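The values are calculated or read from the model by the stated rules, or taken from the named source; none is laboratory data. Since the structure is predicted, the reported quantities are computational estimates derived from the model, not experimental observations. Note that each Cβ is placed from the backbone with ideal geometry, even for glycine, and that neighbours are counted across all protein chains shown. Quick note on the areas: whole protein, heavy atoms, side chains included, nothing else; ligands and nucleic acids left out. Shrake-Rupley method; radii C 1.70, N 1.55, O 1.52, S 1.80 Å.
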Amino acid sequence: MDAGKAKAVLAGQLLIYRTKPYEELKGLVDQVEAYDVASPDGLAYQIEVQVRWDDEPDGNIRVTGAIDDGGWHAFLPLTDGLIVTPDGTFPGE
């Protein structure tokens, strides 16, 4: 798996969640979405995105994404994520 390409694909998928308003993300808490995507050059990847409370309900929301190519990387996928505060900002950025 090309880590650079995989990270770029995952970043694109997390951007979808980054653009959602806090209230919409709040409705996704405790859900896991798993799906397949293809990179621009046609490589297949598996994505899993989890949305959960970062610390306490109605506080910050943590969105974590994982990506692998279905091979042995599935046991140790690349991950990335973001945190959204109730006012819609991203702490640490």
Open item on the list: If each residue of separation counts as 0.36 nm, what is the full-extension length gain between residue 55 and residue 39 once their alpha-carbon separation is subtracted?
Closed with: 2.4 nm
Open item on the list: Could you compute the net charge surrounding residue 71? Neighbours are other residues with a C-beta less than 15 Å from the C-beta of residue 71; K and R count +1, D and E count -1.
Closed with: -3
Task: Distance in nm between pseudo-label sites at residue 90 and residue 24 (7 Å out along the Cβ direction from Cα) - done: 1.5 nm
Task: Phi to ³J(HN,Hα) by Karplus 6.51 cos²θ - 1.76 cosθ + 1.60 over the range 52-64, Hz, x for Gly, Pro - done: 8, 5, 6, 9, 9, x, 6, x, 5, 10, 9, 10, 10
TODO: Send over a whole-number figure in Å² for the accessible area per residue of the range 1-66, probe 1.4 Å.
DONE: 58 Å²
Open item on the list: Given a 1.4 angstrom probe, I'd like the percentage of the accessible area of the range 33-82 that is carbon and sulfur, rounded to a whole number.
Closed with: 50 percent
- [ ] With θ set to phi - 60°, apply the Karplus curve 6.51 cos²θ - 1.76 cosθ + 1.60 along the range 15-29 and write out the HN-Hα couplings as whole Hz, x wherever there is a Gly or Pro.
- [x] 4, 4, 6, 4, 8, 7, x, 3, 4, 5, 4, 4, x, 9, 4
Open item on the list: At 222 nm, what value in deg cm²/dmol follows for the chain if DSSP H runs of at least 4 each add -39500 (n - 2.57) and the sum is divided by all its residues, to the nearest 500?
Closed with: -6500 deg cm²/dmol
